[in-house]
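One structure below.
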Amino acid sequence: MSPATQERESVRRATIVIPAILLAALFVAAGAIPIASLWGFNHLRYFPQYGLVLYAVLLALALLPASASRLRLLFDRISRRIGNMPPVGRVLAVAGLSAVVFYILRVHVHSLGDGYQRIYQIEQGYAYFHSEPLDFFLHAVLYRTLMLFGITSGELTYTTFSIVAGTAFVTTVFLFRFPRGRDSSLLELLLIFFGGSQFFFGYVESYSLVYIFSVLYLLFAARFLVANEGLPAASVMLALAMLSHITAVIFLPSFLYLIYHSLKYCRPRQFSTTYLPTIIGVSPFVAIVAQEIWLRVTVSEYIPSVSGGILPLYSAAEYSILSQSHLFDIVNQFLLVCPAALILLVHLFVQKCRNNRTKGLKPFVYSTAFFSLLMLLVVDPKLGFARDWDLLAAPAATVGLGIVLLAVLNDGKVRWGDYTRFVLMSFGVLFFSSWVLTNATTSRQLARAEELLTLSDKGLGYSTELLAHYYRFTAKDNEKALQLLQRVSGIARNPRVYSKIAKIQLELEDDKEALKSIFAGLELDSNYAELYLMAGAAFTRMDKPRLGLPHLRKALALEPDRFNIHHSLGNAYYKMDSIAQAAAAFREVIRLEPGFVPAYFETGNMFRLLGQYDSAYVYVRKGLKLNPDYPKGIQLLDAIKAELTSPPVR
């Protein structure tokens, strides 16, 4: 190797190693100090001390040439063994390993974003939502398929879909190849270990498909620009991305450039290569526009305006497009989703590589990056950027993938040395694994969720509610849930929050405090049926049913077909010795909710007290038929039989 070539190689290595060292130092420092504002890169702060030290050592070993060489040889042996397997065996091995890893390291807390809402929607039979029709439809199909096997869990549906989608994605990327002998293994491995792959670890949300199809669109488009192969596949990926989530329309300008490039340089002559890709890629956009116009004409009151999701241009006092906090959040998003790509960005700036055979790649990547960055800049993350990272994962990943594509494909005659390849790959794996391991452990995931609540006021009340939801229903820790809900203040402390606070206080048998919360909520909304219901139930339990009765009647007037209101009325009438009215209320419960077993026994008991033993016997027998093991059910039946033979003196 000539001195000039050696010098160029040294510079090239330095453009990778120096940024990698700086990024590794920032990564360790963000976890060790810790730096709370670096929410996209401070995962190590949630690890025990030995975990932080272990990651620091692994990063150092990846950077030191001698240790990097030994580790690389180890990984090369594993790669060769996989490479020596039959093609089908390789695919099955990659798919199987991916599925196992996704399952073992899956997320366990699904209520920190809109996860619990998605679970509720799928269990209620939602199969369509205008902004993500394909995603909702496929989840609904899977849910109904699982129901055939007796599985009715929306959570399991989303978890299964996430893992299956991730396995298919990794397998597709593994099989993807650029023609003409171009080595794309570095590109493929970096892509698999982008932070957006967190979607595949049992993540409950509706962004996994748009993420998959967006990055695959870029891959196939790059293949077309490099080797004139893959335009139909790119158009299909774009169509699926737009159908998966409406935000993928940001890629339409880059697709139009692909069509222009095809017509100018490839001059296709067949319909399948001239017009079909255009039809496939543009048709979903036309359908989406038509759908949105129709919805805004017919049900505009239920469709949020586009401007409602856009940040203000600039405000010194608020979170805005040009505010420092927002720009810093975007940097965090890139550190979270594609940190290794940032290393290559420095390489691109320094090397300024040119390659005439891939001259069409730069305009395409620049177009994609421009509109992705525009989305990152203008879209208003309602829960704050740190808590809404998943909404903006696809545009961040496409920018990162564009950087990797330019560095790997547009780098002319440059051959990536074994050392620089290993540094990039190992850093991608280490950064990503810390993010996955943070979410795979309940304690670390919850610690991070609470920390994020302190970073931004955006969506603070709602996000606090979501965290409280987990503690109440999954961890069964009512005290912690109540503590979180009582932190909610200002306009976010709405009647719904007061209702949740009161419910927990009632469960903790703190009726007086529950009534205070109830009346505070009713001051904000005098037509909130749930609050009236809880007020009536609280007074009844305090042996003051006459005080609770007006509240229960108000609740019934607001929601006459709600069975639990009738049930609470029955309890109140019973405590007031109005047995006939109690019996009527409990019978109404059965009419509205035939599967509510306690109402049968309560109705039977009321008829027993009225001396109507035949009716009492019928209702108790119906209850025992539904639940033979119901507590005190047999005793009540025996009491009815005993009183039939020797009626009590009244």
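The values are calculated or read from the model by the stated rules, or taken from the named source; none is laboratory data. Not measured: the values here are computed from a predicted model. Every residue, glycine as well, gets a Cβ built from its backbone with ideal geometry; the counts of neighbours run over all protein chains shown. Areas reflect the complete protein model, heavy atoms only, side chains present, ligands, DNA and RNA absent. Shrake-Rupley method; radii C 1.70, N 1.55, O 1.52, S 1.80 Å.
Quick notes on this one:
- Gyration tensor over the Cα atoms of the stretch 366-408: the corresponding equivalent ellipsoid has semi-axes (square roots of 5 times the eigenvalues, largest first) of 22, 11, 5 Å.
- Accessible area per residue for the chain is 47 Å², calculated with a 1.4 Å probe on protein heavy atoms, without ligands, DNA or RNA.
- Between the stretch 505-579 and the stretch 131-200, the Cα center-to-center distance that results, in Å: 47
- Shape analysis of the chain based on the Cα gyration tensor places the equivalent ellipsoid semi-axes at 58, 27, 25 Å, largest first.
- Set of aspartates and glutamates near Lys641 by C-alpha distance (under 14 Å), chain-local residues within fewer than 8 positions excluded: Asp614
- Atom-type composition of the exposed protein surface of the chain places 62 percent of the accessible area on carbon and sulfur (1.4 angstrom probe).
- Think of the stretch 57-163 as a dipole: +1 on every Lys or Arg Cβ, -1 on every Asp or Glu Cβ, centred on the Cα centre; then among Tyr116, Ser69, Ser79, Ser69 lies furthest on the positive end.
- Of Lys512/Lys544; Lys382/Lys476; Lys500/Lys544; Lys544/Lys632, those spanning more than 19 Å from alpha-carbon to alpha-carbon: Lys382/Lys476; Lys500/Lys544; Lys544/Lys632
- Charged-residue dipole, Cβ positions (Lys, Arg, Asp, Glu), the chain about Cα centre, Debye nearest 20: 2040
- Straight-distance crosslink candidates among aspartates and glutamates, where the alpha carbon sits under 12 Å from Lys554 and sequence neighbours closer than 8 are dropped: Glu530
- Additional length obtainable on full extension of the chain from Thr145 to Glu7, 0.36 nm per residue less Cα span: 43.6 nm
- Averaging the sequence gap over all C-alpha pairs within less than 8 Å and six or more residues apart, then dividing by the number of residues, gives the chain a relative contact order of 13 percent.
- Dipole magnitude (debye, nearest 20) for the stretch 473-536, charges at Cβ of Lys, Arg, Asp, Glu: 260
- Filtered trypsin sites (Lys or Arg not before Pro), the stretch 145-237: DSSP coil and at most 16 other beta carbons within 10 Å: Arg177, Arg180, Arg182
- Note on Ser37 and Gln483: the extension gain reaches 158.1 nm, defined as 0.36 nm multiplied by sequence separation minus the Cα-Cα distance.
- Note: relative contact order over the stretch 436-545, using C-alpha pairs below 8 Å and six or more positions apart, is 17 percent.
- The stretch 408-510 shape via C-alpha gyration tensor axes, a/c threshold 1.5: prolate
- Gain in span if fully extended, Glu123 to Glu450, counting 0.36 nm per residue against the direct Cα distance: 114.9 nm
- Calculated [222 nm] ellipticity per residue, helices only, for the chain: -22500 deg cm²/dmol; basis is -39500 (n - 2.57) per DSSP H run with n ≥ 4, divided by all residues, nearest 500.
- Cross-link reach list, aspartates and glutamates versus Lys264, counting only Cα pairs under 16 Å and skipping chain neighbours closer than eight places: Glu229
- Relative packing of peptides 460-469, 384-393, 73-82, 113-122 - highest average C-beta neighbours within 10 Å first: 384-393, 460-469, 113-122, 73-82
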